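Following: one structure in structure tokens, then a few remarks.
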Amino acid sequence: MTVALLPAFVAINLLTVLAFMHDKARATSGGWRVRESTLLGLAALGGSPGALWARQRFRHKTRKQPFATYLDLIAMVHAGLAMGLATLLV
């Protein structure tokens, strides 16, 4: 079952990275931005690894509060869920 979810996990993380990249480009050029709620929503749907990576890679929203705190909380919940799932599968 977990192997079947791998393509969805990869897809949501790729989409999240692309959203952060697009938002950074728009922030630099002064265009329409991606809503923070959209970025956090993608992270909450399973894209937190991609969001954390993109935040550091593009140096985007690293100090923005409360965004950074919310993203860190989402990632911690996902890490806890992953550890819980791993203990069930062992």
For the stretch 23-52, pairs from a residue that is in contact (Cβ under 8 Å) with a residue 12 or more places away in the chain to a residue that is among the basic types (Lys, Arg) and part of a helix (DSSP H, G or I), with Cβ under 9 Å and 6 or more apart or across chains, are Val34/Arg26
Take the residues of the stretch 54-70 that are touching a helix residue (DSSP H, G or I) at 6+ places or on another chain (Cβ under 7 Å) and not in a loop (DSSP other than H, G, I, E, B): which is surrounded by the most Cβ atoms within 10 Å (Cβ to Cβ)? Ala54
Which numbered condition in (1) under 29 Å from Leu85 (Cβ atoms); (2) surrounded by fewer than 16 Cβ atoms within 10 Å (Cβ to Cβ); (3) among the β-branched types (Val, Ile, Thr) is the only one that Ile12 fails? (2)
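Coordinate-derived values only; no laboratory data. Computed from a prediction, not measured in an experiment: that's the story for all the values here. Positions of Cβ are backbone-derived with ideal geometry, glycine not excepted, and every protein chain shown enters the neighbour counts.
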